[in-house]
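Student: Structure provided below as structure tokens; questions to follow.
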Amino acid sequence: MILIAAAVLFAGAAMSAQTKFAHVDFNELLQLMPETDSAMVQMDAAYKEANDTYNTMLAEYQTKAQQFQEKQATWTSAVRDSKARELSDIEARINDFNQAIQQDMNQLNQTLMAPIQQKATDVVNTLAKAKGVIYVFNSTSLLYIDETQSIDLTPEARTMLNIPDDKTIESVMAARQAQAEAAAAAQ
């Protein structure tokens, strides 16, 4: 009986010694990958085009609304009703455009990011298999990590994904903020 208990304890200890855990900052990988920069350029271009179209539609609406306000007293009821329907139609087109463009932008984001996410996942899986890891956790969603008990795959994944050492979330965010401010100043 003692031998069986000792064997069970030994087997349990051996299994826990073989169990390897790893963690990775998956969000960091996704945001810093060179492919994400390219996707962001495409998203920014699509957003700018959509915003330009929206502004054109809005300017048309504002011009016609102002004209309606200024001249409605001089128009016959038939002309006034026609102009009011025209304004209502433009407003409906603007609302339809907003809904459609939001869906289009979400779809474009998913289309552009899916292969990037897959590439990062593949790299993490490759590293985990090479290190004999059975679980990899996303470190941004954990409350606690004992880094002495878990392998950090982030540095090696960054290398495999061609992310420069000096590229950080902060530097990317600062660059995007500067681009947004430059675009706002240009308008």
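Student: Looking at Ile163, Ile169 in this structure, which one is surrounded by fewer than 13 Cβ atoms within 10 Å (Cβ to Cβ), among the β-branched types (Val, Ile, Thr), closer than 14 Å to Asp37 by Cβ and touching a helix residue (DSSP H, G or I) at 6+ places or on another chain (Cβ under 9 Å)?
Tutor: Going through Ile163, Ile169 in turn, the sole match is Ile169.
Student: Among the listed residues Ala46, Ala59, identify the single one that is surrounded by fewer than 14 Cβ atoms within 10 Å (Cβ to Cβ), hydrophobic (A, V, I, L, M, F, W, C) and modelled with pLDDT of 95 or more.
Tutor: Only one candidate qualifies: Ala59.
Student: Please tell me if Asp146 is assigned to a loop (DSSP other than H, G, I, E, B) and surrounded by fewer than 13 Cβ atoms within 10 Å (Cβ to Cβ).
Tutor: Yes; evaluated as a whole, the condition is true for this residue.
The values are calculated or read from the model by the stated rules, or taken from the named source; none is laboratory data. Note that the structure is a prediction, hence the values are computed from the model and not measured. So basically every Cβ, Gly included, is an ideal-geometry build from the backbone, and we count neighbours across all protein chains shown.
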